[in-house]
Amino acid sequence: MQFKKIRKKFGLIFVVLSAAVMLGILFRNNDLINLFKIINNINAFYIGAAVLSMFMFWFLEAGMLYTLISKFADRKKNLRTFWLAIKVTMIGQYYSNITPMATGGQPVQLCILTDDDISLSSGTAILISKFLLFQIGVTIYSFCLAVYKIKLLVNYYSSVSGFVIAGLTLNMVMLGTVLLIAFNQRVLLKLCGMLFNLLYKLHLIKDVKKVMNKTENFIADYNKSIVKLKEDYWFTIKMYAVTFIQLTIFFSTTFFVYKSFNLNSSNILDIICLQSFLYMAVSFIPTPGTAGASEVGFVLLLGHLFPSNIISTAMLLWRGISYYFSLIFSGFFSFAVAALGKKKIVIS
């Protein structure tokens with residue numbers, strides 16, 4: 001418990017420091033003065049559209065969780081269940097934002113579900129199913145865009161294409177693992193056994209049997225969720241369709257930031273492609289909110305879309321809306337829900 005508190009505080013401190021460093025680097029050459037000049041010419045309509053896209057992303061996230069809770073936990077589709085889905089979404093968003101590789105979100109979400117009298121097994125199935133829908137969805141989505149825009153990636157971004165391909169490869173490996181869990185667990189367990197034996201010989205793990213038991217339990221939990229999704233193909237297809245819409249809305253945030261500067265030379269499809277490439281490239285960076293990597297990646301992949309004198313401002317706006325606004329809003333939401341819960345306990 002103490003370790004979790006320390007990790008949470010470290011995450012918050014890291015986020016604040018990364019924001020301070022980013023601002024310092026961006027505006028070290030009197031760019032802060034230019035920032036106010038540029039902001040006066042920004043189209044507020046598109047900034048509003050970018051912020052609205054974040055709310056739409058959360059709404060669809062909550063909608064998917066609402067559907068999964070209703071299906072897997074036999075809850076009635078009503079406002080109470082939808083409020084639970086919103087809480088799971090927003091509080092999970094906050095803890096994902098402040099922990100490396102978003103690892104803090106799911107444990108907190110599971111606690112929220114179990115506190116609402118949803119069984120541990122049902123709560124686990126709901127969250128694993130949501131994770132699978134998003135992870136498989138974003139991998140397929142980005143892979144299709146990478147194939148469609150392969151020339152854009154190879155010819156114009158050869159310096160960073162390796163990072164994008166590496167990120168996409170890791171996600172494809174994860175997708176392959178999910179397919180093995182679904183259709184051939186025996187092969188997957190053999191591969192895991194070979195890997196763990198190798199790691200044991202390299203003195204990277206101490207107890208192969210213990211690690212293998214944990215892996216078997218992990219695979220069993222995921223298999224249960226996959227079986228539930230396989231039972232109703234039409235339901236799963238609809239959920240993937242919503243995931244693709246959700247991703248398009250989220251990646252469109254960058255396009256709205258681009259348009260806010262009254263720029264017109266690039267189209268929305270190219271910008272969504274580049275944003276999905278950036279997501280793939282930084283998705284496995286082990287810092288809270290992929291801090292540092294996202295900013296550098298934005299400049300490398302999307303910086304050429306903006307005139308050199310506004311790249312800093314564009315990156316600040318994009319990161320401010322897609323991450324820091326998300327962090328602050330979900331943080332206020334989380335603390336408000338916690339305070340409301342304490343008041344109810346005192347009254348009762």
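Tell me, Cys192, Cys111 in order of fewest to most beta-carbon neighbours within 10 Å? Walk me through the numbers on the way to the answer.
Values: Cys192 18, Cys111 13.
Result, fewest neighbours first: Cys111, Cys192.
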Fewest first, what order do Tyr222, Tyr46, Tyr258 take by the number of other Cβ atoms within 10 Å? Tyr46, Tyr222, Tyr258
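Counting other beta carbons within 10 Å of each Cβ, put Leu204, Leu168, Leu189, Leu179 in order, fewest first. All intermediate terms of the calculation are to be shown ahead of the outcome.
Details: Leu204 9, Leu168 21, Leu189 16, Leu179 13.
The order, fewest Cβ neighbours first, is Leu204, Leu179, Leu189, Leu168.
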Once the Cβ-Cβ distance between Lys201 and Leu170 is put in as r, and R0 is 22 Å, what FRET efficiency do you end up with, to the nearest 0.05? 0.35
State which entries of Lys130/Lys190; Lys149/Lys224; Lys87/Lys224; Lys149/Lys238; Lys76/Lys228; Lys130/Lys201 exceed 30 angstrom in Cα-Cα distance in the structure shown. Lys149/Lys224; Lys130/Lys201
I need the per residue convex hull volume for the range 45-104, using only the alpha carbons, in cubic angstrom as a whole number. 93
Taking the Cα centre of each part, how many Å lie between the range 265-300 and the range 159-190? 20
What does the extension gain come out to for Lys238 and Val208, with contour length at 0.36 nm per residue minus their alpha carbon separation? 6.8 nm
May I ask you to list the aspartates and glutamates whose Cα is less than 20 Å away from that of Lys71, ignoring any residue fewer than eight positions away on the same chain? Glu61, Asp115, Asp116, Asp117, Asp221, Glu231, Asp232
Could you give me the ³J(HN,Hα) list for the range 55-61, computed from phi with Karplus coefficients 6.51, -1.76, 1.60 and θ = phi - 60°, whole Hz, x at Gly and Pro? 5, 5, 4, 5, 4, 5, 4
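A short reminder: the numbers here are calculations on the coordinates, not readings from a lab. On a predicted model such as this, the values are computed, not experimentally measured, just so you know. Note that each Cβ is placed from the backbone with ideal geometry, even for glycine, and that neighbours are counted across all protein chains shown.
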